[in-house]
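Just below is one structure, and these are the notes that go with it.
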Amino acid sequence: MKYEIAKGVSLTTIPTTKFKNSKILINFTFPAQHENYAKLALLAELLENCSAKYNSELLVSRQLSRMYGASFGVTVLRYGNQHTLQVSITFPSDKYLPAKSQLTSEVLNFLQEMIEDPFVDGQQFDQAYFRIHQSNMINYLDSIQDNKGFFSTLQLQQLYYANDPDHGNFLMGTPQEMSHIDSKSLFNFYHQVLSQAKISILIGGDLDEKVVADGFKHFQSFSDRTPQVYELKVKPLPVNDVQRAAKNIEGSQSVLSIAYELPIYFGDDEYFPAVIFNQLFGGSSRSLLFTNVREKHSLAYDIHSSYNSLVGMDTVQAGIDYANEDQVTEMVADQLTQLIDGKYSDELLDGVKQALVNQHRSEVDHLGSLIEKQYIQQIMGFSLSDSQWEDKVEAVTRKQISEVAKRMSLRAIFQLNSRGH
C-alpha cells in the first residue's frame, strides 16, 4: 500500500507476518552534488547520536534498550544520481510484546524526536557535540588510505568519472571539506534537507498501517514540497583514452583495479544477461576470473568483479604481487574474450543461474533485503514478481551473454603498487 503523507512525502508499506521484527526506512533524497557530500555525512553522524531530549549517546542507547532493544541508525547513500540521507529503525512487532504494548507509537515518537529536535544551541548544533563528531569524521576519512581495497575503489571511481566530481568524489567528502564545515552553516543545511528533500518512507513487517500513516502526519517537517525531477541513471561523460593512475605503497601486496563502462541499466532488456555475465566473469567463486586467475594460476590472493546497474559500470579488483601485474591484466582481458566467444561450460552457466535463483529466494528471509529491493524497484520504476524474476534468469542465453561482453569498454585502471619494501 502507498500513502501520501504530504506532497513529495510518500509512505509505502510492505505487510508481512514472516518476521517478529518490523523495520522503518526514511529516505531524504535529492540530486547528487559533491558540494553537499561532507555536510550530509556529518549531519547523519549528528542525527544518529543525540537529540535535544536524548542529549548523549548513552541516553539514546538507554531509550533504544527501553524499546525492547530497537536498532537505530542514520547513514548516507548514493543510488545512481540520487544522494540519500537514510534513517532506519528495527524493532519488535507489538503482537510479540506484553499486552497493551504500544511500541510502534513509541518508535514513531522517538524518530520524530531524533529527526526534528536535534541537539542544538540556539541557531546551531551544540558546539562541543559538533566538534567531537566533526573530528571523528575527519579521522575516519584520513584512515581510508589504510584500507587498500577501499582506497583503490575510490581512486578508480575518480579516474572513471574524470572531471565529474558529483560521481567521482567519495560519498562522504574529503577531510579538508569536513574540516571547513561550521556548526551554524550545517544547521542551516539541516533545515534545507528537511524542507526540500523528497521523502520516501518504507515500512516492512506486521504493523497497523493506519497507526503508522497517522503517526507520520504528526511530523511537522513532513510538509508539502516540490522535489527536483532528475534522471536516476548515471551516463558518464565520454573520454578519449583509458584513464590510468598509480600509487606506490609499502607492504607486500598490490591492488589492481579495472573499470569498464557497461551501458546496461536496471530494468533494461539486457539487464538479466548483464547480471549473469558478471557472475560468470568474476562475481562468484565459480567465475572465470576466480577459477583461472586465482585457483589455477595462483596469480591473485583474491579477484572479483562487481556490476553496478545504476551507473552502467563493471569493475574488477585483484590483490596481487606487483611482479604479476602485467600477467594478471592480460588474463583479465582473456577471460572477457572467453565470454565473448562462449568458451565456458553449460554446467558453469547452469550453476551460476541456480545460485542467483537461490540467493534471490533467500532474500525473503531478511526483512532489510525485502525493503531494499522494494525501494530500488520503486525509484527505478521497474518491478517483477519473484516468479517473473526467476523466469528472466532462466531465459538468458549464451548469445545474450556474448553480446553483453562485447559492450564492455575499458575506461580506467588504478594500480596500488607495492614492491615488497
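Values as computed for the structure displayed
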quantity	calculated
Nearest-0.05 FRET efficiency for Gln253 and Ser345, computed from C-beta distance (R0 25 Å)	0.20
Length added when fully stretched, Gln388-Asn417, from 0.36 nm per residue minus Cα-Cα	5.9 nm
Percent carbon-and-sulfur accessible area, segment 2-217, ignoring ligands, DNA and RNA, probe 1.4 Å	47
Per residue value of the accessible surface for the chain (all protein chains in place, 1.4 Å probe), Å²	46
Relative contact order, percent, segment 2-217 [alpha-carbon distance under 8 Å, six or more residues apart]	40
Probe 1.4 Å, all protein chains present, accessible-area order of Tyr322, Tyr160, largest first	Tyr322, Tyr160
Unit charges on C-beta of K, R, D, E only; dipole of segment 144-206, Debye	40
Pair Lys184, Tyr140: separation of 7 Å Cα→Cβ label points (nm)	2.7
Structure-derived semi-axes √(5λ) of the Cα gyration tensor in Å: which label, when the choices are [x] 40, 28, 20; [y] 36, 26, 17; [z] 49, 23, 21	[x]
Pairwise label distance in nanometres, Glu372 with Glu35, each label 7 Å out on the Cα-Cβ vector	3.2
Protein accessible area in segment 243-419, 1.4 Å probe - carbon and sulfur %	44
Computed over segment 243-419: relative contact order in percent, which uses C-alpha pairs under 8 Å that are six or more apart	44
Over the chain: helical MRE at 222 nm, DSSP H runs n ≥ 4 each giving -39500 (n - 2.57), nearest 500	-12500 deg cm²/dmol
Candidate lysines for bridging to Lys39, where Cα separation is under 20 Å - those fewer than 8 sequence places away on the same chain excluded	Lys184, Lys198
Listed pairs Lys2/Lys23; Lys20/Lys392; Lys18/Lys53; Lys18/Lys353; Lys7/Lys217; Lys23/Lys148 exceeding 23 Å between Cα atoms	Lys20/Lys392; Lys18/Lys53; Lys18/Lys353; Lys23/Lys148
Using alpha-carbon coordinates, inclination of helix 37-49 to the longest axis of the chain, degrees	50
Sequence-distant aspartates and glutamates (8 or more away, or on other chains) whose Cα lies within less than 18 Å of Lys235	Asp164, Asp166, Glu261, Asp268, Asp269, Glu270, Asp314
Asn358-Asp117 pseudo-label distance in nm [points 7 Å out on the Cα-to-Cβ vector]	5.1
Karplus 3J(HN,Hα) series, Hz, for segment 362-373 with 6.51 cos²θ - 1.76 cosθ + 1.60 (x for Gly, Pro)	6, 5, 5, 8, 10, 4, x, 5, 4, 6, 4, 4
All lysines inside 16 Å of Lys406 as judged from Cα atoms, apart from same-chain residues fewer than 8 positions distant	Lys343
Isotropic mean projected area of the C-alpha convex hull, segment 85-161 (nm²)	9.4
Contour minus Cα-Cα distance for Ser101 and Leu59 (0.36 nm per residue)	13.0 nm
Computed FRET value (nearest 0.05) for Asp365 with Val242, which takes r as the C-beta separation and R₀ as 41 Å	0.45
Debye intensity ratio in log₁₀ form over the Cα atoms of segment 243-419, taken at each q of 0.08, 0.09, 0.11, 0.19 Å⁻¹	-0.27, -0.34, -0.50, -1.25
Rg to Rh, two decimals, where segment 2-217 supplies the alpha carbon set and Rh follows Kirkwood	0.99
Potential extension, Glu231-Thr397 segment - 0.36 nm per residue separation minus Cα distance	56.7 nm
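The values are calculated or read from the model by the stated rules, or taken from the named source; none is laboratory data. Not measured: the values here are computed from a predicted model. Using ideal geometry, Cβ is built from the backbone for each residue, glycine included, and neighbour counts are taken over all protein chains shown. Ligands, DNA and RNA are excluded from the accessible area calculation, which covers all protein heavy atoms including side chains. Shrake-Rupley method; radii C 1.70, N 1.55, O 1.52, S 1.80 Å.
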